[in-house]
Structures are given as C-alpha cells and as structure tokens.
Amino acid sequence: MDKKPTNPFQTHFMDIHEEVLSEGDEEGTIKNEEKEEKYLNKTTTKAREPKRNRGRLNRQVSLETGFSVLNRERKGKDERKVLTRSGTSLGGLNPANKIGLEGQKRDFSIFKTKSTLSKQNSLLPRKIEKELESQKINGTSGVDDDSVNASVPAGRYFAALRGPELDEVKDYEDILLPTDEQWPFLLRFPIGCFGICLGLSSQAVLWHNLATSPATRFLHITPNISFLIWVLALAVLVAVSITYILKCIFYFEAVRREYFHPVRINFFFAPWVVCMFLAISVPSKLAPQQTLHPAIWCTFIAPYFLLELKIYGQWLSGGKRRLSKVANPSNHLSVSGNFVGAILASKVGWKEPAKFFWAVGFAHYLVVFVTLYQRLPTSEALPKELHPVYSMFIAAPSAACLAWQSIYGEFDGISRNCYFIALFLYISLVVRIKFFTGFRFSVAWWAYTFPMTTVSVATIKYAEEVPAFISKSLALGLAFMSSTMVSVLFVSTLLHAFYWRTLFPNDLAIAITKRKQGGEKKPLKKAYDIKRWTKKALTKNSENKDNSKNNGYNSSYDNSSVMV
C-alpha cells in the first residue's frame, strides 16, 4: 500500500537521492524507490528525518547542483523543477556581487578615495582577499579596474549618455554601480548643485541694481531685498561647498569622473564665479564705503585662472578633448567667468588686469560661438536633449557688455554691440520655446537663470544710458522674467528635496564604463558618410566588372590553348 509522505522534506530527499543514485537503467530506479518507501514507513526513523533532510537540502543549495524539487507530488518519472544558477537566487554567490554582503559594500567603494579603499581591503578576512584576487586573475570580477581608474574619453560620454545634461544612460549601455538600490548621498551629489548658488548670487546683483539704478528709481525698491537674497546665496554656497568638499574627500574617483565629463567640467568654474558675484553685490550694510580690497579679487581669480589654463590648453591641443570634440553650450560658463572677474577687478581699482581678462574672455567667446554655431562634421554629435543649454549663448555677450561698461565707465559702442548680440540671441531663444519643454527637472537647470539675469542687468545699464520708455519697459520685463524663473526653480527645488525627495537620484553619468560592454546599436550614417560609401561601392563594382572581364578573357584563352 503506497503512502504519500506528509513532510515536504521527505519528498525532497527522495528526489535528490533518486537523482544522485539512479543514473543507470530503469530497474535500478524501481528498486531504489521501493527501498526508500520501506525506509520511510519505519516508525523508528520518523523523528530523525526532518533533521537529516534539512542537512541534505542545505548541502544541495551550497553545492549549487541546480536541481531542487520543493513542496510537490510526484506526477511522472522525468518531471522536475530546475533552479536557475543566478547568484542572487543562491544567497549572493555570484562573482559579480563580490561574495555576499561584502560585495554590496565594495560596489560603491570603487569610487572612494584610494586611501579609504586600501584601509577597507586591509580589514577584510584573508580568505575573502584570496578569493577576490583569484577572481581578478581569472577575469571573473564584476568590475573592470581599467574602467574605474583610467580616464573616460570625452567621446565616450556623448556615445553612452543622453539628456539635457548628459546625465541619462542609454538603454544598451551598462554601468559600474547597482541600479536597483539608492546610492550614498555624497555619490549622488553632483557638481551641478553650484548652479543654485549661481542663480541666487546673480539675482543678488540684479536686485542690487534695481534698488540703486537711476533708471528704476521710480520703483522705490528697498535694498533689504537684495540683502536677503545675498545672505541666502551665501548660505547656500557654504552648504553646497562643504558637501562637495566631503565628496572630494570620500569619493574622489566620482569627482574625477565629473571632471572628465564634457558638460560638468564647466561647472567647476561656478564656485569662483559665485564668489565674485557675491563680492560685486556686497550689501552696503557690510561695506558702507563700497570699496573692496584687491586681495579679495586675487583669492577668487587665482584658482579660476589655473583651471582656465588647463581647460583652454585642452581645447587648443588636447587631442580627443579639443574644442571641436567637446564643444557644447555649457562652455560659455567657463568663458563668462572672465568677464565677471574683469568687473570685480575694476571694482577694486585694477583696470589693467580687468582689461586682460576681458580680452581673454572675448577671444575665447568668439571661438566657442563659431564652433557651436557652425559645427564641424568631424566633431561629436550634439544630442537634441541639450537644447535647454542653448540659453548659455546669451551669458557671455551680456557679461562682456557689463564688464566693458565697468572698466571704462560708460556704455559706449562696444558695450552696446555686445548687448545687442545678447538681446538678439535672447529673442531668438524665446520664440523657440519648444526647445525648453519636455525635460525632467534637475538642479543643473539653475545655471540657466544666470544668462537671463545678466542680460537683465545689461538692459538696466542700457536704460541708464538711453532713458526711454521702451528701454525701461524692456529692463522691467526682463527682470520680471528672470526673477519669476528663479522663484519657480526655488519652489521646485524645495518640493523635490523635502516633499517628493527626488532631487538627487542616482548619478548614472559618472558610472559608465570606459569601453562599450556588449553590442551597441550602430548609429545612422551621416550624409557625407553615405556619399563616401556610395563612391567606394561604385568603384568596387567597376573594379569587379573589369576583373570578371579579364578573368573571362583569360579562361577563354586557356581553353583555346588546351584545345590546341
């Protein structure tokens, strides 16, 4: 009489026993089954079966046999369920996960500072260290050391990323960090957060001019508004700076990745531009005489100038990082700082250094403007998602206008030329409002308020020189648009930070690999590539026809000679 076991472990034990011992003929299988049934029917062994079967189950999982039959009744001889060999289903034994819980820690430690990483490795057990070394030797490690330590080419960012700030990974790309969990806060904190400081500090300059300019005196704007915005901008700058310094200390490899990013590298100029903006718009309560010491200008311009030498040198002779390869509208941010530095130099009374930085900034602005206006066919394709960054086009000419007026003390022809260029570019972007729709919010959008604010300040200066109804109305309209944009972004930032808590998602842009992982979709051929391909195809076909004719003639000649 057949009895079905009620314990699920008994069924499981029978299947494992059958799989291991009965690999021969069917007679052996039937005998083994009869023996197992007799053995299970004994009352003396029922108390010990759960413990024995539990051990066999653990042994099965630990050995990764791949076969497991849990909580089922026998329906046929060859009917079995199979477990996959993925490491996650077997307790984190996948080599890419780096041995259980330690693997999850090491996934993020690849972007930590080297000293911290070596200290963590020294605390690991010796056995785990040997296994990690063996994985590296056998090539089974889930992280490519060359992809982490080596610098990523600039073209690789354009090929692997998309989005308004090149911050979204394309579908066919793989990254070095896990995407199914939230990363540490410092690893998610981007350099683009300095755009918040840039927008607030430029607003402090705008409201300072609205309160003190003769063209807007009829508004009776109190200087306290400018003072409050200035204090808010200073507080945000201190908070963002401290946070990013901590990121440099603990996750220096992530900062290094941002430095090589073709868009984010320009935001490394932002902290010094913000400091110069705050020095220019310092409230009268803090500086009654409105005079600044030249040491303030030297402190802010020195790191800016050193970084400028490095970046401009790469643009000139940087090979794969030359300007024609990495040019994008955010490069105007690295150029506009020269004009802001010129304004501050004129405020402290150093006219010649102010003229020097104005000349350097204007020369590079012309090069960047021409490069972006007429892109070379050999340069990297600018993604269509970068359209919002086109607002940076109006930043440099409007800042150049203000710098020239500050140096020479009058709104002369050169200042007006720069202002009219900025005004035309501003109007050309406003009429194409679709360029700025359909993209998700990010903190880097704060940088787009800086160009709107500078052109508003330039319009106020123009209204002082040409006090007409149209110029004053234009100044008020642009100032209103700029302040409205800053207010909307400020409210959106607070909502995303404290209500939705989506202000800092996983920063996928810094986790791309140095080389392509797996197959990549081939991009569409450009027009000049198609023409070149058709020419090659035509010449190859003509050559093949000539060769076939020659081969036919030779074969006929050979046949005739054979017949003779």
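For the range 245-305, compute the orientation-averaged projected area of the C-alpha convex hull (one quarter of its surface), in nm². Let's see the in-between values first.
Values: hull surface 21.4 nm².
Dividing the Cα hull surface by four gives the mean projection, 5.4 nm².
Please sort by residue number the trypsin sites (Lys or Arg not before Pro) in the range 261-369 whose DSSP state is loop and whose Cβ has at most 12 other Cβ atoms within 10 Å.
Details: sites: Arg264, Lys285, Lys310, Lys320, Arg321, Arg322, Lys325, Lys347, Lys351, Lys355; in loops: Lys285, Arg322.
For trypsin sites (Lys or Arg not before Pro) across the range 261-369 that sit outside H, G, I, E and B with at most 12 neighbouring Cβ atoms in 10 Å, the list reads Lys285.
Explain nothing, just compute: Karplus ³J(HN,Hα) = 6.51 cos²θ - 1.76 cosθ + 1.60, θ = phi - 60°, for every residue of the range 353-370 in order, whole Hz, x for Gly and Pro.
x, 5, 5, 4, 5, 5, 5, 5, x, 5, 5, 6, 5, 4, 5, 5, 5, 5
With viscosity set to 1.306 mPa s at 10 °C, what whole-number translational diffusion coefficient in µm²/s follows for the range 173-253 from Stokes-Einstein and a Kirkwood radius over Cα pairs?
Working: Rh = 15.3 Å.
After rounding, the answer is 104 µm²/s.
In the range 163-231, which GluC sites (Glu not before Pro) are in a loop and have at most 15 other Cβ atoms within 10 Å, using DSSP for the loop call?
Numbers: sites: Glu165, Glu168, Glu173, Glu181; in loops: Glu165, Glu173, Glu181.
Passing sites in the range 163-231 are Glu181.
Debye calculation, C-alpha points only, no solvent: report log10 I(q)/I(0) for the range 407-496 at q = 0.10, 0.11, 0.22, 0.24 Å⁻¹, in the same order as the q values.
-0.31, -0.38, -1.14, -1.27
Given a 1.4 Å probe and heavy atoms of the protein chains only, how would you sort His496, His261, largest accessible area at the top?
His496, His261
Can you give the local net charge around Trp404? Use residues other than it whose beta-carbon is closer than 13 angstrom to its beta-carbon, Lys and Arg +1, Asp and Glu -1. Present the calculation step by step, with values, prior to reporting the outcome.
On the way: positive: Lys351, Lys355, Arg416, Lys461; negative: Glu410, Asp412, Glu465.
That sum, taken over residues with Cβ under 13 Å, equals +1.
Just the accessible area for Cys275, please: 1.4 Å probe, Å², rounded to the nearest 10?
The accessible area of Cys275 comes to roughly 30 Å².
Quick one: order Leu476, Leu429 from most to least accessible surface, probe 1.4 Å.
Putting Leu476, Leu429 in descending order of accessible area: Leu476, Leu429.
Any idea what log10 I(q)/I(0) is at q = 0.10, 0.18 Å⁻¹ for the range 207-340, Debye with uniform C-alpha scatterers and no solvent?
Calculated log10 I(q)/I(0) at the listed q: -0.45, -1.10.
What do you get for trypsin sites (Lys or Arg not before Pro) in the range 411-489 restricted to DSSP loop and a cutoff of at most 13 other Cβ within 10 Å of the site's Cβ? Present the calculation step by step, with values, prior to reporting the outcome.
Details: sites: Arg416, Arg432, Lys434, Arg440, Lys461, Lys472; in loops: Arg432, Arg440.
Loop-located and lightly packed - Arg432, Arg440.
Size of the range 298-369 along its principal axes in angstrom, Cα-based, largest extent first?
Projected onto its principal axes, the Cα set of the range 298-369 covers 40, 21, 17 Å.
In what sequence, largest accessible area first, do Tyr390, Tyr448 appear using a 1.4 Å probe? Working shown, then result.
Values: Tyr390 55, Tyr448 20 Å².
Ranking Tyr390, Tyr448 by accessible area, largest first, yields Tyr390, Tyr448.
Taking K and R as +1 and D and E as -1, what net charge do the other residues with C-beta under 11 Å from the C-beta of Ala342 add up to? Walk me through the numbers on the way to the answer.
Values: positive: Lys347, Lys351, Lys355; negative: Glu352.
Once positives and negatives cancel, what remains is +2.
Just check the range 436-482 against the gyration tensor rule for me: Cα atoms, a ≥ b ≥ c as the square roots of the eigenvalues, rounded for a/c under 1.5, and otherwise prolate or oblate depending on whether a/b exceeds b/c.
Details: a/c = 4.83, a/b = 2.67, b/c = 1.81.
In terms of gyration-tensor shape, prolate.
Please compute the net charge surrounding Phe269, taking Lys and Arg as +1 and Asp and Glu as -1 over other residues with Cβ under 12 Å from its Cβ. Before the final figure, lay out the partial values.
Numbers: positive: Arg264, Lys310; negative: Glu308.
Once positives and negatives cancel, what remains is +1.
For the range 464-469, take each phi angle, set θ = phi - 60°, evaluate the Karplus expression 6.51 cos²θ - 1.76 cosθ + 1.60, and give the result in whole Hz per residue in order, putting x for glycine and proline.
5, 7, 10, x, 10, 5
The values are calculated or read from the model by the stated rules, or taken from the named source; none is laboratory data. Note that the structure is predicted; figures quoted are calculated from it, not measured. In this analysis, Cβ positions are derived from the backbone assuming ideal geometry, glycine residues included, and neighbour counts consider all displayed protein chains. Remember, those area values only see protein heavy atoms, side chains included, never the ligands or the DNA or RNA. Shrake-Rupley method; radii C 1.70, N 1.55, O 1.52, S 1.80 Å.
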